[in-house]
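Working notes for the structure below.
The values are calculated or read from the model by the stated rules, or taken from the named source; none is laboratory data. Note that the structure is a prediction, hence the values are computed from the model and not measured. So basically every Cβ, Gly included, is an ideal-geometry build from the backbone, and we count neighbours across all protein chains shown. Note: accessible area is taken over every heavy atom of the protein model, side chains too, but ligands, DNA and RNA are not part of it. Shrake-Rupley method; radii C 1.70, N 1.55, O 1.52, S 1.80 Å.
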Amino acid sequence: MEYFVSIVAIVVSGVLTNNIVLNQSLGICPFLGVSKKTQSAIGMGLAVTFVITVASVVCWLLYTFVLEPLSIAYLSTIVFILVIASLVQLLDIVLKKLSPTLYSSLGVYLALITTNCTVLGTANTVVSQGLDFFSTLITGIATGLGFTLALILMAGIREKQALCKPPKPFVGFPLALIAAGIMAMAFYGFNGLSFV
């Protein structure tokens with residue numbers, strides 16, 4: 001029962017209370033860049049979720065069974081970056097074959113997953129917190145879902161903003177940043193959730 005509660009706490013933390021974008025301010029570039037249309041936000045969110053989950057697990061395995069036993073844990077950042085770059089390249093190839101429309105709608109943002117700090121940040125977090133394999137897997141999925149949730153919510157807000165006529169100084173990114181700040185404050189309200 002205690003393990004189940006800790007898993008629920010990891011999921012709630014990754015999605016709501018410790019949202020990677022709105023609480024930790026990681027992944028702001030794709031958050032603001034891809035969040036103009038809900039369809040591309042969903043595609044980007046799912047792609048990032050996949051990469052975060054697989055990268056977290058692979059990086060945890062490499063750190064636990066290769067880097068630490070060989071006493072070369074100081075190389076973890078370089079190894080993690082190489083793993084992430086390889087996974088994104090694989091995702092690029094798969095999306096080009098299986099879903100050309102999603103691939104073309106993501107455009108340059110697919111390459112941004114390689115430099116998306118949410119992926120590297122999650123890999124570093126699972127290693128630094130000393131999580132076990134299953135908790136690492138759940139953390140990767142929950143963090144990706146939290147990123148996707150923030151992206152979809154922001155896309156919905158920006159689609160509604162396109163229908164209104166804001167004052168000229170607020171058109172575009174200024175209004176998007178204000179909306180992101182309000183969303184971050186709203187998500188901060190979830191910090192009161194407790195499972196203890």
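The table below gives the values:
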item	result
Hits in the range 15-37 (condition: open to solvent by less than 20 Å² (accessible area, probe 1.4 Å), among the polar types (S, T, N, Q) and at pLDDT 85 or above)	N19
Filter result (within 25 Å of V79 (Cα to Cα) and either touching a Cys at 6+ places or on another chain (Cβ under 9 Å) or basic (K, R) (or both)) within the range 127-171	V127, T136
Residue check, L75 among the hydrophobic types (A, V, I, L, M, F, W, C), free of Cβ contacts under 8 Å to residues at least 24 places away in the same chain and crowded, with 18+ Cβ neighbours inside 10 Å	no
Answer from I7, I52 - the residue that is in a helix (DSSP H, G or I), over 15 Å from L112 (Cα atoms) and at pLDDT 85 or above	I7
Unique match (being hydroxyl-bearing (S, T, Y), without any contact (Cβ under 8 Å) to a residue 24 or more places away in the chain and surrounded by 13 or more Cβ atoms within 10 Å (Cβ to Cβ)) among T125, T136, T114, T118	T125
Meets criteria (assigned to a loop (DSSP other than H, G, I, E, B) and touching a residue at least 24 places away in the same chain (Cβ under 8 Å)) for L151	no
Out of A179, A162, sole residue that is under 25 Å from Q39 (Cβ atoms), among the hydrophobic types (A, V, I, L, M, F, W, C) and under 23 Å from the mean Cα position of the chain (by Cα)	A179
Matching residues in the range 86-111 - criterion: being open to solvent by 40 Å² or more (accessible area, probe 1.4 Å) and of a type in the set (A, V, I, L, M, F, W, C)	L90, I93, V94, L98, L102, V108, A111
